[in-house]
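The values are calculated or read from the model by the stated rules, or taken from the named source; none is laboratory data. Keep in mind it's a predicted model, so treat the numbers as computed, not measured. With ideal geometry, Cβ positions are generated from the backbone for all residues, glycine too; neighbour counts draw on all protein chains shown.
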Amino acid sequence: KPVLPMVIATWHVENATAKSMEILLAGGTALDAVEQGCMVEEADVNNQSVGKGGLPDREGNVTLDACIMNKDGDCGSVVYLQNITHAVSIARKVMEDTPHIMLAGKGAEQYAIELGYKKENLLTESSKKAWEEWKKESKYKPIINIENHDTIGMLAIDKNGDISGACTTSGLSYKMAGRIGDSPIIGSGLFIDNEIGGCVATGLGEEVVKTVGSFLVVELMRQGKSPQEACEEAIGRIVNKPNSDYKNFQVGYIAVNKQGETGSYSIHEWFSMTKFQDGVNERIQSDYYLR
Ligand code: SD4
C-alpha cells in the first residue's frame, strides 16, 4: 500500500515540495498541491528558469510556459505568457473556467489581468545582466544542467489516491522570440492518467516533444513497467534515434505510478528529483544514461 499523500518534483526544490506537502497534509487535493508547489519556484527570483527572475529570450523578454493536469484528465496550459509571475495558476484557470485548454501570449496575459493579476516586470537585474553578458557573443547553445534546466515539474498523490501534475518554466534561456518548449504541451512536458500514474519532463524541450515523452512514460507504465523502467525506456527512445545528438543536451524524466512508486532518469549526470513522502523531504540523485 503506498504511503500517501506524496509528492515528487524535478531538481532540487525542497521548499516547493514542503509547500505541497503542507497542502496535502491539511487534506488538500493533489491539484492544489502541485499548483501551490510550483508557485513557490515561480515567485523565487533566484530560480532563473521559472517565473519571476527567469532568464529571457534573446530579445530580453521573459516568456513563460506552464501546464497542469488533474485526476479527471482535464488540462490547461499557457504559452509565451509575459508579465505575469504565476503561469501555473493561469493554466489552472484555463482548465477550470474556460472552454479551452491552451492560451498563448497576449490572450493569456489579458485573461490573467481579467482574473485580477497585476502586470509585473519579470526581468530581474541579475537576469538582465546575464542576458547582456550573453549578448556580447550571442552564441546559442543550451548548457547541460546549468540554469537552462530548472523547470519545475511536480506530481502529487493526495490522501484519496488521486494524482495531479503541473509544470512551469521560463523555457530555454536566450531562445528565439516566440519559442515554445515541451513544458506546456500536454503529453510531452506532462501527462497524468489517474488509473496509471504521471510523468513530467525537463531538459531540452524540442527533444522531449519529438517522442511525446511524458505520455510515452505513462503508457509504458500501463504496459506493466515500473516508473524507473519507463523513464529509462523513454530516455532510450531519444538516445537511440539515428543521429541523436544526445551527448550535447539533457533530458530528464520523473514518474510516479498509482502505487506511489517513483522513478527518475536522465541522459547526463546531475539530474535529481525531490521527493516528500512519509515525513521525509529528500533530494534523490537520478541515475543516468551516459555513465
Ligand atoms: C524547455 N523543458 O522549455 C524546458 C526547459 C527546461 O529547465 O527544462 N528548463 O524546453
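Go over the candidates V200, V217, V209 one by one and state the one that is modelled with pLDDT of 95 or more, away from the ligand (no atom under 13 Å from the Cβ) and hydrophobic (A, V, I, L, M, F, W, C).
V217
Got a sec? Which of V34, V3 is more than 16 Å from the chain's Cα centre (by Cα) and touching a residue at least 12 places away in the same chain (Cβ under 8 Å)?
Checking each option against the conditions leaves just V3.
Hey, among the residues in segment 187-197 that are assigned to a strand (DSSP E or B) and surrounded by 24 or more Cβ atoms within 10 Å (Cβ to Cβ), which one's nearest to the ligand (Cβ to nearest atom)?
Per the stated criteria, the residue is L190.
Mind checking which residues of segment 18-29 are over 14 Å from V88 (Cβ atoms) and in contact (Cβ under 8 Å) with a residue 40 or more places away in the chain?
Within segment 18-29, A18, M21, L24, G27, G28, T29 qualify.
Give just the number: which of (1) more than 15 Å from the chain's Cα centre (by Cα); (2) surrounded by fewer than 24 Cβ atoms within 10 Å (Cβ to Cβ) does L103 not satisfy?
(2)
Can you tell me which residue in segment 165-180 is farthest from A26 (Cα to Cα), limited to those that are more than 9 Å from the ligand (Cβ to nearest atom) and in contact with a strand residue (DSSP E or B) (Cβ under 6 Å, 6 or more places away or on another chain)?
T168
Taking segment 76-90 as the search range and keeping residues that are in contact with a Phe, Trp or Tyr (Cβ under 9 Å, 6 or more places away or on another chain) and in contact (Cβ under 8 Å) with a residue 40 or more places away in the chain, which one is nearest to K119 (Cα to Cα)?
Per the criteria, the residue is T85.
Hey, could you check segment 153-164 for residues that are within 16 Å of the ligand (Cβ to nearest atom) and not small (G, A, S) and say which is farthest from L55 (Cα to Cα)?
Checking each candidate, the answer is L155.
Is it the case, given these coordinates, that T262 is touching a Pro at 6+ places or on another chain (Cβ under 8 Å) and under 23 Å from M69 (Cα atoms)?
yes
Somewhere in segment 18-32, is a residue among the basic types (K, R) and assigned to a loop (DSSP other than H, G, I, E, B)?
Taking every residue of segment 18-32 in turn, none turns out to be among the basic types (K, R) and assigned to a loop (DSSP other than H, G, I, E, B).
Of everything in segment 216-252, what is surrounded by fewer than 24 Cβ atoms within 10 Å (Cβ to Cβ) and either under 14 Å from the mean Cα position of the chain (by Cα) or not in a helix (DSSP H, G or I) (or both)? Give them in sequence order.
Hits for segment 216-252 are Q223, G224, K225, S226, N240, K241, P242, N243, S244, D245, F249.
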